[in-house]
Amino acid sequence: MTDRRLWSYKEIAAHIKVQPDTVRSYRKHGLLPPPDHVEGGKPYWYADTVRAWVASRPGNRGRRD
């Protein structure tokens, strides 16, 4: 089953337990995958995209959320 909910910086930040500005910085520095959707100039990512990115991050050590 796929999770097609769209997440903003706020939802991604809550998921990885950082501030939204940290997620913005990740995107600015090319550490976040490209957005799956842009609406009104605001980027959004599918929850599955974010989960796959989290799983592949260095230092993750196989953490499951």
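Quick one: length gained pulling GLU11 to ARG24 fully straight, 0.36 nm per residue minus the C-alpha distance?
The span from GLU11 to ARG24 would gain 3.5 nm if fully extended.
Residues of region 1-42 falling in the label zone of ARG51, defined by backbone nitrogen less than 14 Å from a point 7 Å along Cα to beta-carbon, are 1-7, 15-16. Close amide H pairs (under 5 Å, H built 1.01 Å from N) link TRP7 with TRP45, TYR46, ALA47, residues at least 5 positions away or on another chain.
Can you give the direction-averaged projected area of the convex hull of the alpha-carbon atoms in the chain, in nm²?
On the way: hull surface 18.2 nm².
Over every viewing direction, the Cα hull of the chain projects on average to 4.6 nm².
I need the helices of the chain that pass two filters: whole DSSP H segments spanning 15 Å or more by Cα along the axis, and mean Kyte-Doolittle score no lower than -0.5. Answer set is empty.
Assigning unit charges at the beta carbon (Lys, Arg +1; Asp, Glu -1) and nothing else, what dipole magnitude in debye, to the nearest 20, does the chain show about its Cα centre?
Values: 13 positive and 7 negative charges, 52 e Å.
Magnitude of the dipole: close to 260 debye.
Just VAL54, VAL18, VAL38 to compare: in a GNM of the chain, with alpha carbon springs under 10 Å, which one fluctuates most? Most flexible of the set in this elastic network: VAL38.
FYI, it's all coordinate maths here, none of it is from the lab. Predicted model only: the values in this text are computed from it and were never measured. All Cβ positions, even for glycine, are placed from backbone atoms using ideal geometry, and neighbour counts span all protein chains on display.
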